[in-house]
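Quick one: this structure, given as structure tokens, is what I'll be asking you about.
The values are calculated or read from the model by the stated rules, or taken from the named source; none is laboratory data. Predicted model only: the values in this text are computed from it and were never measured. Virtual Cβ from ideal backbone geometry, glycine too; neighbours counted across all protein chains shown.
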Amino acid sequence: MGEYDGKPADVVPVRVWDRPLRLFHWALVLCLAGSWITGEQGMLEWHERFGLTAIALVVFRVIWGFVGGEFARFSSFVRGPGAVVSYLRETLAGRHPEHAGHNPLGALAVLALLLLVGTQATLGLFANDDILYEGPLYHLVGSSLSGTLTGLHHQLFDILLIVVILHVVAVIAYMVFLRDDLILPMFTGMKRLAPKDVPARVRRTPWWVALAILIVCGAAAYGLTLLG
């Protein structure tokens, strides 16, 4: 991959982020915001709906990470610790290695957020508020274990919030210090790359595959509410 040298260069627009990935990203942003607001306001029925939606979205993203477009696939961006260390070293030294898709640090953020959101939402299935609300799977664990899982649900939110804040700060830092806009491409799907960084072959997956996967994930998440 090329390196950022602070000088203008010939670039070409390349569609990197496919539409299903972009819709997933912003849907998850709205879902997390909705979960936070409804949780703080005690709107637990809506909080549950946002949680179930988050589960459907996370499962969709995991599946899409294997069958989706080129840069949505985990195989295109998940690397070992050595790649992360090397990327950080190069970036801190002023040589910002460019990546068509997620860079090694961004890959860590993707994996961390999927794990945290998925775990957080799953814990919520077993939670209760000690008054009227019981999660859809509360009956499977009983009062005592539900209390423990509810506590973990609250504690994990703090960790999730920290990771989200770090992610936002990193995105802003990339824009300000590295002149690398990560936000606009997540709306348009397009990134401007040096010709040498343009992949020779980019796999595409039909939109209807994403729609079918999302419908199945949504139905499965809704099915959890019928287990009570």
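Limited to the stretch 34-55, what total is found for residues that are of a type in the set (Asp, Glu) and either within 13 Å of residue 125 (Cα to Cα) or touching a residue at least 40 places away in the same chain (Cβ under 8 Å) (or both)?
Of the residues in that region, 2 qualify.
Tally the residues that are within 11 Å of residue 100 (Cα to Cα) and at pLDDT below 95, restricting the search to the stretch 166-194.
4
Go through (1) in contact (Cβ under 8 Å) with a residue 60 or more places away in the chain; (2) over 23 Å from residue 73 (Cα atoms) and name the single condition residue 142 misses.
(1)
Same structure, new question: Quick test of your reading of the structure: residue 106 fulfils all but one of (1) surrounded by 14 or more Cβ atoms within 10 Å (Cβ to Cβ); (2) of a type in the set (Gly, Ala, Ser); (3) over 24 Å from residue 156 (Cα atoms). Name the failing condition by number.
Every condition holds for residue 106 apart from (3).
Yes/no matrix, rows are residues, columns are (1) farther than 26 Å from residue 33 by Cβ; (2) touching a Ser or Thr at 6+ places or on another chain (Cβ under 7 Å); (3) surrounded by 11 or more Cβ atoms within 10 Å (Cβ to Cβ):
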site	(1), (2), (3)
145	yes, no, yes
153	no, no, yes
161	no, no, yes
181	no, no, yes
203	yes, no, yes
206	yes, no, no
216	no, no, yes
219	no, no, no
222	no, no, yes
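Go through (1) part of a loop (DSSP other than H, G, I, E, B); (2) at pLDDT 95 or above and name the single condition residue 203 misses.
In the conditions (1) part of a loop (DSSP other than H, G, I, E, B); (2) at pLDDT 95 or above, residue 203 misses (2) alone.
Here's something else I'd like to know. Name, by its number, the condition in (1) surrounded by fewer than 19 Cβ atoms within 10 Å (Cβ to Cβ); (2) modelled with pLDDT under 95; (3) in a helix (DSSP H, G or I) that does not hold for residue 114.
(2)
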